[in-house]
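What follows is one structure encoded as structure tokens, with my remarks underneath.
Nothing in this text is a laboratory measurement; each read-out follows from the coordinates by a stated rule. It should be emphasised that the depicted structure is a prediction, and the values quoted were computed from it without experimental measurement. All Cβ positions, glycine included, derive from the backbone under ideal geometry; neighbour counts span all protein chains shown.
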Amino acid sequence: MAEILKNKKRILIIRLSSLGDILLTTPLIRSIKSRYPNITIDFLLKEQYQNTLKQNKYISNLFLYEDGQKILQQNNYDLIIDLHNNFRSRKVVNNLGVYSLQFKKNNFKKFLLVNLRINRLRSFPQIPVRYASTIPNFKLDDKGLDVFLPNDIKPNLKDGNKYIGFAPGSRHYTKMWPLEYYIELGKLLSENGYKIVLFGGKNDKQVCDKIKLDLSSSINLSNNDDLFKTAIDMKECSAIICNDSGLMHLVCGLKIPVLTIFGSTVKEFGFTPYKNQNVILENNSLNCRPCSHIGRSSCPKKHFNCMKELTPQLAYSKLKELLAL
């Protein structure tokens, strides 16, 4: 047990963004509450990500960064756990004047790996475990990510079909498997009796629309960042195929088997599927990986072989392995 949490009455956890990073805090939230049930846990995040934790039963109050922090001053926190550790979150901590713990980002080790190929992250655990290590001597339970959904949303998908979900979007080009590969894989799966469902938020609509044009039998459920609707329909799928993205972590929270395709990023950064049935497809033959820890707008080597050499046929064979598990 973590001595620092004993006798604490109210704590604030800060992780302002983004979808995946916030979902990765859920094992820590659950583990604190289960071991210290009398602690009130509040959470501060940006408004656009509030549905990520809105239904979370372990959180007492969800506060939005955009609303300002005046109300936080009234809450008499015993401890702040800053899992974002940037200028904005540190400013909140300083304004509250409460003892705090900060997540260690290991930015220098990331720099060494990306720029000099010196790997000091090889033995580092996944991000949820790194979040937990922010609290001295604290260990997580053995469960995965949490996604809590409202009960009043019905799925768009009908029972009885063999659905495979594609989440083809990402914020960065070098983290996106080529669209033509998704299309070819979709055709292979359609020929074998599967129905393809396209998932994504408002930034992914163009990508999903393009796939739909060439894969007319697919169902395009990309939407305006409605996390709950996306999650409800994902639960109807036998598996999801996606890039290294926030939706990958949503899939893990929903406990759906996931085939994840890694391009410019690598496992050492800690964002691999957490405690969920998965297969990771990546090209380990290249010495130019990783070229970034967050992704890039173009391939610096101009060949993009980290993705292009991961063929639809290879993905199809790996998906069959995943579905057979």
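Observations, loosely collected:
- Sorted ascending by nearby beta carbons within 10 Å, beginning with the fewest, 30, 122 become 122, 30.
- Relative contact order of the stretch 163-324, taken over Cα pairs closer than 8 Å and 6 or more residues apart, is 27 percent.
- Within the stretch 206-325: Cβ-based charge dipole about Cα centre, in debye rounded to nearest 20 (Lys, Arg +1; Asp, Glu -1): 280 debye
- Under Karplus coefficients 6.51, -1.76 and 1.60, residue-wise ³J(HN,Hα) of the stretch 58-69 in Hz, glycine/proline x: 8, 9, 7, 9, 10, 10, 9, 4, 5, 7, x, 10
- Likely footprinting exposure, 36, 274, fewest C-beta neighbours within 10 Å first: 36, 274
- Shape annotation for the stretch 163-324: C-alpha extents along the principal axes are 38, 33, 29 Å, from largest to smallest.
- Taking the chain as a Gaussian network of alpha-carbon nodes connected by springs under 10 Å, the highest mean-square fluctuation of the residues 70, 275, 139 belongs to 70.
- Taken over the chain, the alpha-carbon convex hull comes to 141 cubic angstrom per residue.
- Relative contact order of the chain: 18 percent, from C-alpha pairs under 8 Å at least 6 residues apart in sequence.
- The protection proxy used here, the mean number of other Cβ atoms lying within 10 Å of each residue, ranks peptides 94-102, 182-190 as follows, highest first: 182-190, 94-102.
- Value of [θ]222 nm, deg cm²/dmol, for the chain, DSSP H segments ≥ 4, -39500 (n - 2.57) each, nearest 500: -7500 deg cm²/dmol
- Cα-based shape type of the stretch 231-318, given that a ≥ b ≥ c are square roots of the gyration tensor eigenvalues and the cut on a/c is 1.5: prolate
- Amide H contacts for residue 163 (H built 1.01 Å from N in the peptide plane; partners 5 or more residues away or on another chain; cut-off under 5 Å): 195, 238.
- Share, in percent, of DSSP beta bridges within the chain that are antiparallel, nearest 5: 0 percent
- Put a plus charge on the Cβ of each Lys and Arg, a minus charge on the Cβ of each Asp and Glu, and nothing anywhere else: the dipole of the chain about its Cα centre is then about 960 debye.
- Sorted by Cβ neighbour density within 10 Å, fewest at the top, the residues 162, 109, 175, 154: 154, 162, 109, 175
- Farthest toward the positive end of the dipole of the stretch 163-324, out of 177, 278, 299, is the Cα of 299, where the dipole comes from beta carbon charges about the Cα centre.
- Cross-link pairs beyond the 31 Å C-alpha cut-off, checked among 91/301; 275/302; 54/109; 187/229; 235/301; 275/308: 91/301; 275/302; 54/109; 235/301
- Inter-part distance where the stretch 88-146 and the stretch 181-224 are each reduced to a Cα centre, Å: 35 Å
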